[in-house]
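To keep things clear, I will list the structure first and then write my remarks on it.
The values are calculated or read from the model by the stated rules, or taken from the named source; none is laboratory data. All values reported here derive from a predicted model rather than from experimental measurement. Counting neighbours? That spans all protein chains shown, and the Cβs are built from the backbone with ideal geometry, glycine included. Each accessible area value is taken on the protein alone, full model and side chains, heavy atoms only, with ligands, DNA and RNA left out. Shrake-Rupley method; radii C 1.70, N 1.55, O 1.52, S 1.80 Å.
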Amino acid sequence: MNTTDWEEVYPDLDRTLGGALLICSLLGLPGNVLSLFYFLSKKEARDLPTFLYRCICSVDICTGLLPLPVIVSLFSNRQPAWFELYPFCVTWAILFILTQQVSVFLVLILSVSRTHTIVRPFSPISRRVVSLILAGFLMFRIVHEACLNLFHHYFQITYQYTSSAVYCYYYLGHPTWAVFDEIVSFLFIAVVPVVITVSFCVCVAHVLKVNTHDGEDDRKRVTVTMSLFTGVSLLCNAPLFVNYLIYIVCCNIIEYVYPSDIYKNRFMYNYSWPVSEVFFMALNSALNPLVYFLRMERLRTWTIAKFGFIKKLCKF
């Protein structure tokens, strides 16, 4: 099979990326399972932050499992492996998209709920309301994916394994509705959540700076924890947002072709998508339990009580 220079991969870099993904999965899965058990065991079952953390841990567990087929492909010279099965290919692609978007949406809700608690402490947001919003978001995305699949069937577009991305995807070409859908999706996934999340974090910081009353240390500590968690999430999603923006501008507006000149760079073509979309997503899921353990004293106490050997490690 003839390939151009920019389609040729770096085998050592493939194995390095596969190893890094494997480490993130091996570290993130136990940490998120442990964190989920802790949040499930909390007495504050109706507490909104606890409910959101449970959802985030559940999503992060899925995030730790989804890269496994990509890891196999990276270690097997980018061969399709499990992705050769079309039902698996479609299921994986849809789960990956939903997991990615639900993760960003949950961080947005967490930021909004904390801001509301700080600004209006005597009128907390109902957990039922948040559950309905989350269910509505999921239904919207499922209906959206169903509509896309109808378009795929009409235009005879199918999900397929893409060696440059090392996972299943569908390339829509450049009909007007496809470009419009990609731009709207980018605004909905990246721009709007980031702007809202950052705005609410700034609002919380300002309120806490102005209201420096006694007895607010606990509230500030919780807010710092949520802000740190939100910051880690935004930083890990930033490479994907930037790469997605480059793709939309260069391939859908300026050159109207893929790969455009910027993606004919050997590294960009072979590694921009797996690194920005898969690796950083897995890294985020692996870092979240670390944030919980470092910032939540009750979780540390619970973990040390359950696993005695962790107490010995903490002494070092």
Out of the residues in the range 10-62 meeting the condition of being open to solvent by 70 Å² or more (accessible area, probe 1.4 Å) and part of a loop (DSSP other than H, G, I, E, B), tell me which one is nearest to I133 (Cα to Cα).
R46
Cβ pairs under 6 Å, 6+ apart, first in the range 15-30 and in contact (Cβ under 8 Å) with a residue 60 or more places away in the chain and farther than 10 Å from F279 by Cα, second small (G, A, S) and open to solvent by 10 Å² or more (accessible area, probe 1.4 Å)
L27/A286; G28/A286
Which residue is surrounded by the most Cβ atoms within 10 Å (Cβ to Cβ), if the candidates are limited to the range 225-254 and must be within 30 Å of Y53 (Cα to Cα) and β-branched (V, I, T)?
T230
Members of the range 255-301 found to be more than 23 Å from V107 (Cβ to Cβ) and open to solvent by 50 Å² or more (accessible area, probe 1.4 Å), listed by number:
E255, Y256, V257, Y258, D261, I262, K264, N265, R266, F267, T301
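For the range 197-223, enumerate the residues that are among the aliphatic types (A, V, I, L, M) and modelled with pLDDT of 75 or more. If you could, list the steps in order and put the result at the bottom.
Filtering the range 197-223 for residues among the aliphatic types (A, V, I, L, M) gives 198, 202, 204-205, 207-208, 210, 222.
Matches in the range 197-223: V198 only.
Could you list, in sequence order, the residues of the range 73-87 that are in contact (Cβ under 8 Å) with a residue 12 or more places away in the chain and open to solvent by 40 Å² or more (accessible area, probe 1.4 Å)?
Quick first cut of the range 73-87, residues in contact (Cβ under 8 Å) with a residue 12 or more places away in the chain only: 73-75, 77-78, 80-84, 86.
Correct list: F75, N77, W82, E84, Y86.
Which residue, of F137, F151, F155, is at pLDDT 65 or above and not acidic (D, E)? Before the answer, list the steps.
Working: F151 fails: at pLDDT 65 or above; F155 fails: at pLDDT 65 or above.
The match here is F137.
Out of the residues in the range 22-61 that are out of contact with any Ser or Thr (no Cβ under 6 Å at 6 or more places or on another chain) and of a type in the set (K, R), state the one that is nearest to T225 (Cα to Cα). If you could, list the steps in order and put the result at the bottom.
Initial filter on the range 22-61 (out of contact with any Ser or Thr (no Cβ under 6 Å at 6 or more places or on another chain)): 22-27, 29-38, 40-41, 43, 45-47, 49-56, 58, 61.
Right, trim to of a type in the set (K, R) and you get 43, 46, 54.
Numbers: K43: 20, R46: 20, R54: 16 Å.
Out of the qualifying residues, it is R54.
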